[in-house]
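This report refers to the structure that appears directly beneath it.
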Amino acid sequence: MADFSAPASSAGSVQEGTRPVKAAIVLVLAALADWLFYGHGIGISAAIFAVAVACGSVLANLATLNRKQVLPAGALLLVALVPAAEEFNVASLTFMVLALGIGLLLTTNRDQHRLGEQAAALRDLYLVGPFRFFRDAISAFNLPALKTGFVVWFIPIAFGGIFVFLLVSANPLLEKWISLLNPGNTTSYVSLGRVLFWTAALSIAWPFIHVRWSAKREMPAGLAEAATLAQGIPSGENDFFGVATILRSLILFNLLFAVQTVLDVAYLWGNATLPADISYASYAHRGAYPLIVTALLAAGFVLTAMRPGGPAEQSRVIRPLVYLWVTQNILLVLSSILRLDLYVQIYLLTWWRVAAFIWMVLVALGLLLIVVRIVLNRSNDWLIRANLIALTVTLYICSLVNFTAIIADYNVSHSREASGNGVWLDMNYLFSLGPQALPAIDRAIALRGFDPTLVSRRGCLVEQQRREMVSWRSWGFRSWRLQRALDAEPKSTTTG
């Protein structure tokens, strides 16, 4: 890491000498972010904050600034802020963030000129830069033990917090228990949301104030190995994903997931009685989708931690913990499938719920393939190929299935009109499925009794189907089968 407008030694002394000024600037920016954004909608405030970040960056890095590039960088930022001033949305935010990064690159990075190097520098700024705030904050106190502890515990605590949030959002029981642990109205003293907001604001603004670009210069392999050993770091080992970090993470994650697993076994699979203020429908629906996000994050962590040739791959302690955690994640996915099934039994099927079922099965299969990769000592390329094959086979099978007819038939069969339970049939959704839903629509009309409006709408779908079959160019075997069924119907069906 280096700043590029001065020799390494002088640049380092400049960086250390301006640390208090940079800390003051980033605190002012965090306070401005709080005033502009916290509890308010985002609009022109985003452009104002971007200008403040740019000005703060220039002020904090005056000694190392490439002054020739300040004007082009400023013009680029102003052009990029026009969409944000017009309307704040994803596109305008993207332009604004890219302009800030490119402007910073132009004014403070004189060492990297190739497009690939500049793209890598921007990736480092956006993805790695915010995390440097925590390490720099600890190193400012010059406490090596605290710094080492931070490196070892950062991943477990950060990911653990994310998993706790997802598990609580997926489980109303956990949410209720946590609310019972709250002694009084602590939000009147300290708002956790505001603390997290300030932390995020500080970490986002810090890389633009304390600028550090990675200076990657080619070095012979022998010298690189010697330099690594001289720093006391094992070759190829990442501080944040060393054995100690992974071990602590897996122990913490297994304990967190065990709570959710036990609750699912008791209440979802064992049909234990829920508290009076929590229904099975809410318990089932709340957890279906957050638990899938949890499983995907878990899969990403396992792939990173157990990368081929990594320090944890051959550990006899870590491997069983990985297998246990993946098993718990597969159970979570199966619980999500059961949750969605229970919800569908009450609120019927939709296209999105069918897609969710298929996606959950693929996630469970992906987790199982991760275990297979670890057991057989395969590469990540093998894992990617196996998942692509599974995805291709799944999509091929899905292309042969008439999901429209399945959804329509299921909804009619499980509606209150047909079974006496569940919800009333949504005829508008049934008609929106198109001509392939006509057999189920006929059953629904028979269940409801003659209704001229429904018969008229059915006639429109029949006419749409016949128009589509007029030309041989639009012929399809599925449509042909439907047309044969319609032609075989007695005329009384269409006339009521």
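The values are calculated or read from the model by the stated rules, or taken from the named source; none is laboratory data. Since this is a predicted model, take the numbers as computed values, not measurements. All Cβ positions, glycine included, derive from the backbone under ideal geometry; neighbour counts span all protein chains shown. Protein only, heavy atoms only, side chains kept; ligands, DNA and RNA dropped before computing areas. Shrake-Rupley method; radii C 1.70, N 1.55, O 1.52, S 1.80 Å.
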Report every pair of residues separated by at least 6 positions or lying on different chains whose Cβ atoms are under 6 Å apart, first residue within the stretch 351-371 and closer than 13 Å to Leu296 by Cβ, second open to solvent by 50 Å² or more (accessible area, probe 1.4 Å) and part of a helix (DSSP H, G or I). Gly366/Asn387
Taking the stretch 400-453 and the residues there that are under 23 Å from Gln464 (Cβ atoms) and among the acidic types (Asp, Glu), the one that is most open to solvent (accessible area, probe 1.4 Å) would be Asp426
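Yes/no matrix, rows are residues, columns are (1) among the hydrophobic types (A, V, I, L, M, F, W, C); (2) at pLDDT 85 or above; (3) within 33 Å of the chain's Cα centre (by Cα); (4) open to solvent by 20 Å² or more (accessible area, probe 1.4 Å):
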position	(1), (2), (3), (4)
Ala23	yes, no, yes, yes
Trp35	yes, yes, yes, yes
Ala46	yes, yes, yes, no
Ala54	yes, yes, yes, yes
Ser57	no, yes, yes, no
Pro72	no, yes, no, yes
Ala75	yes, yes, no, yes
Pro83	no, yes, yes, yes
Quick check on the stretch 347-362. Is at least one of its residues touching a Ser or Thr at 6+ places or on another chain (Cβ under 8 Å), more than 30 Å from Met427 (Cα to Cα) and open to solvent by 10 Å² or more (accessible area, probe 1.4 Å)? yes
Taking helices (runs of 4 or more DSSP H) that do not extend beyond the stretch 383-433, which have at least 2 residues that are modelled with pLDDT under 90 and not acidic (Asp, Glu)? 416-419
Whether any residue in the stretch 266-289 is at pLDDT 80 or above, touching a Ser or Thr at 6+ places or on another chain (Cβ under 9 Å) and farther than 30 Å from Ala119 by Cα is what I want to check. yes
Checked the stretch 470-480 for anything assigned to a helix (DSSP H, G or I) and loosely packed, with under 12 Cβ neighbours inside 10 Å; matches are Trp472, Arg473, Ser474, Phe477, Trp480
